[in-house]
1. What's the ranking of 71-80, 320-329 by average number of surrounding C-beta atoms within 10 Å, highest first?
2. Grab the Cα-Cα distance for A337 and V30, subtract it from 0.36 nm times how many residues apart they are, and report the gain in nm with one decimal.
3. Just to confirm, what accessible area per residue do you get for segment 100-249 at 1.4 Å probe, in whole Å²?
4. From the Cα gyration tensor of segment 98-193, with a ≥ b ≥ c the square roots of its eigenvalues, which class applies: rounded if a/c is under 1.5, or else prolate if a/b is larger than b/c, or else oblate?
5. For G371, which sequence-distant residues (separation of 5 or more, or a different chain) have an amide H within less than 5 Å of its own amide H, given hydrogens modelled in the peptide plane?
6. Using the per-residue mean of other Cβ atoms lying within 10 Å as a proxy for protection, in what order, highest first, do the peptides 205-211, 337-343, 31-37, 358-364 fall?
7. Could you sort 271-279, 107-115, 387-395, 60-68 so that the peptide with the highest average Cβ count within 10 Å comes first and the rest follow in order?
8. If the rule is a partner Cβ under 4.7 Å, which cysteines in the chain fail it?
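The values are calculated or read from the model by the stated rules, or taken from the named source; none is laboratory data. Treat the numbers as computed from the prediction; the structure is a model and nothing was measured. Quick reminder, even Gly has a Cβ in these numbers, built from the backbone with ideal geometry, and neighbours come from all protein chains shown. All accessible areas refer to the heavy atoms of the entire protein, side chains included, with ligands and DNA or RNA removed. Shrake-Rupley method; radii C 1.70, N 1.55, O 1.52, S 1.80 Å.
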Amino acid sequence: MFRALAKARAALGPREAGLVQTMAPHRLPVPPPEALRKPLSIPDRLLLGPGPSNLAPRVLEAGGLQMIGHMSKEMFQIMEEIKQGIQYMFQTRNPITLAVSGSGHCALEVALFNLLEPGDSFLVGVNGIWGQRAVDIGERLGARVHPMIKDPGGHYTLQEVEEGLAQHKPVLLFLTHGESSSGVMQPLDGYGDLCHRYQCLLLVDSVASLGGAPIYMDQQGIDVLYSGSQKILNSPPGTALISFSDKAKQKFDARKTKPFSFLMDLQWLANLWGCDGKPRMYHHTLPVIGLYSLRESLALMVERGLEESWQLHREATAYLHGRLQELGLQLFVRDPAIRLPTVTTVAVPAGYDWRDIVSYIVDHFGIEIMGGLGPSVGKVLRIGLLGCNATRENVDRVTEALREALQHCSRNKL
């Protein structure tokens, strides 16, 4: 190649030769990384933490399908099927139901960016990390944020919520249905009606509970509900499910200001997902492959049935609780009625460093469990039985791994 360039340059005049010289390649200051010359290596892991979970085989296969155009009629059909699947999972008939291109955090921001304006009063149940995150986002938006703070393991009664509603007169209340950092399942019956009596909307996080515990968006008066793809649905992270009630849509329509984010603007998202009856316009490029996987995850849940999925998680987690107690371990959430049936929190046994236990189990058994998160760091171990991972066989594997870890990890005698 270089010889040919030299000959060509000799045959050209000075001006043309200068042009050829400027086209010559420069020495690259950044060399190709050697790591990328090696094959990708992924360990074989059983993911029994609070998420993400292992992919179902059918979902894994969907991720290997070829790309299609994100604005093609075939893609729109897939999106329509996803919408119907979300409506089934949420038990809602809301027209504005869609999947967000992002994780559960992104869905939370979609909700808050579209419902809150600067100066709005925002009441937040903070009994774990997800309430903390909602407070942070609300403050960034300029809302008047009123956190109701509880120690990890606690939940909110109707009376406590009503006191907050009466005192702060919020336009929006945030509650976490499945608080995965503490293992608490927040009751929801009656909270929507209570909020509406105070002209307040109810926003619920169901990332760690959807598909594993009953939730009825319309019947329970939930105005905005969101969840993620990577937990009970056994789908890759990167898509999130969300739905807005008519009351929530009215709040959005009455905004005096545009949402702070163009990417998360509900008007654009609703149009892209065919929720407004208008011709679809390009807004952003959808995660096509991720939506294939989400579609198959929802199809598997439809084939199994919600009631059967709820029962599966309830029974598997009850079996886990029994095995843990046989080991002498203490469940962190004392009230059985509010224990999350998808993510179990275990009090870190006295004298042990939780990091030693987690490391031993993954190194010797190829099983991932996790420690606490946010306010529960150092207090708990978290074990998730999510979707296809919610089996008695997996419970036996993780509890035997725990037994051995407790025998081999060093213990502080002080």
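1. The packing order, highest mean first, is 320-329, 71-80.
2. 104.7 nm is the gain from fully extending A337 to V30.
3. I get 31 Å² per residue for this part.
4. oblate
5. HN-HN under 5 Å from G371: R382.
6. Result, highest mean first: 205-211, 337-343, 358-364, 31-37.
7. The most tightly packed comes first, giving 107-115, 387-395, 271-279, 60-68.
8. C106, C275, C388, C409
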